[in-house]
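The values are calculated or read from the model by the stated rules, or taken from the named source; none is laboratory data. Nothing here was measured: the structure is a model prediction, and the numbers come from that model. Please note: Cβ atoms are built from the backbone with ideal geometry, for glycine as well, and neighbour counts cover all protein chains shown. Accessible surface areas use protein heavy atoms only, side chains included; no ligands, DNA or RNA. Shrake-Rupley method; radii C 1.70, N 1.55, O 1.52, S 1.80 Å.
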Amino acid sequence: TLVGKNGSGKSEAGKFIDNYFSLTYVSTSALLEQTLGTDKYREELIDEGRRIIESHPNGFAGFVLDRIHLGGRYAIDRMIHTSDIAYLKKQGSFILLTTLDDDLRFERMRRSKRFKDAFIGNYGQDLRRMREMDSKDKTDLNEAEQLVDHVLDTTYKWAKDDFDLMNKLAVYLK
């Protein structure tokens, strides 16, 4: 399971791990978009995720696990709440935290055009807006870091270049 802020490299790491280890890549954003429709703004997806966390007995992690075939091997992108991370750890998941400097994350998100409300226009204003949206996630990444199996700083390397990560995953997936 991949943990980290938007634009920190979770999807890229997940897709690489998926290909390298023959896992099935699952994007939680895509699951939400299937539930709500694909034309939603990021804020709407965050709000819906928050509603799911509050209403599902096992939070957002339970919502995702209900929608995939248990017993399979998955690279799940985007579990950010510490309660979800703790739940998945109890289920035996390997947790990878991706980190990246805010300026680089912002540029990645602008280029990706993934969200309907992709950041355009005034750099400083939009960077502040990204940070405001990040604060709505209510995830303490320092706390999350205590629960994870590995931290990958995508500022300096990608998953394929992190040999410690690759060795840990190889042992975990045996």
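Is it true that residue 74 is surrounded by 17 or more Cβ atoms within 10 Å (Cβ to Cβ) and either modelled with pLDDT of 85 or more or at negative phi (or both)?
The answer is yes for residue 74.
Of the numbered conditions (1) under 14 Å from the mean Cα position of the chain (by Cα); (2) farther than 22 Å from residue 169 by Cα; (3) of a type in the set (A, V, I, L, M), residue 36 fails exactly one; give the number of that condition.
(1)
Among the residues of region 77-104, how many are surrounded by fewer than 24 Cβ atoms within 10 Å (Cβ to Cβ) and among the basic types (Lys, Arg)?
Of the residues in region 77-104, 2 are surrounded by fewer than 24 Cβ atoms within 10 Å (Cβ to Cβ) and among the basic types (Lys, Arg).
Answer yes if at least one residue in region 100-116 is modelled with pLDDT of 75 or more, in a loop (DSSP other than H, G, I, E, B) and either under 18 Å from the mean Cα position of the chain (by Cα) or closer than 28 Å to residue 23 by Cβ (or both), and no otherwise.
Among the residues of region 100-116, at least one is modelled with pLDDT of 75 or more, in a loop (DSSP other than H, G, I, E, B) and either under 18 Å from the mean Cα position of the chain (by Cα) or closer than 28 Å to residue 23 by Cβ (or both), which makes the answer yes.
Here are the criteria: (1) in a helix (DSSP H, G or I); (2) at pLDDT 80 or above; (3) open to solvent by 30 Å² or more (accessible area, probe 1.4 Å). Tell me which single one residue 165 does not satisfy.
(3)
Considering only region 49-77, state which residues are in contact (Cβ under 8 Å) with a residue 40 or more places away in the chain and in contact with a Gly (Cβ under 8 Å, 6 or more places away or on another chain).
Result: 75, 76, 77.
Does residue 156 count as open to solvent by 90 Å² or more (accessible area, probe 1.4 Å) and modelled with pLDDT of 80 or more?
No, not satisfied.
Quick one: how many residues across region 77-95 are within 19 Å of residue 31 (Cβ to Cβ) and at pLDDT 80 or above?
The qualifying residues number 9.
When you scan region 1-61 for helices (runs of 4 or more DSSP H) that lie fully inside it, which ones turn up with 2 or more residues that are open to solvent by less than 20 Å² (accessible area, probe 1.4 Å) and modelled with pLDDT under 80?
Filter on region 1-61 gives 28-36, 42-55.
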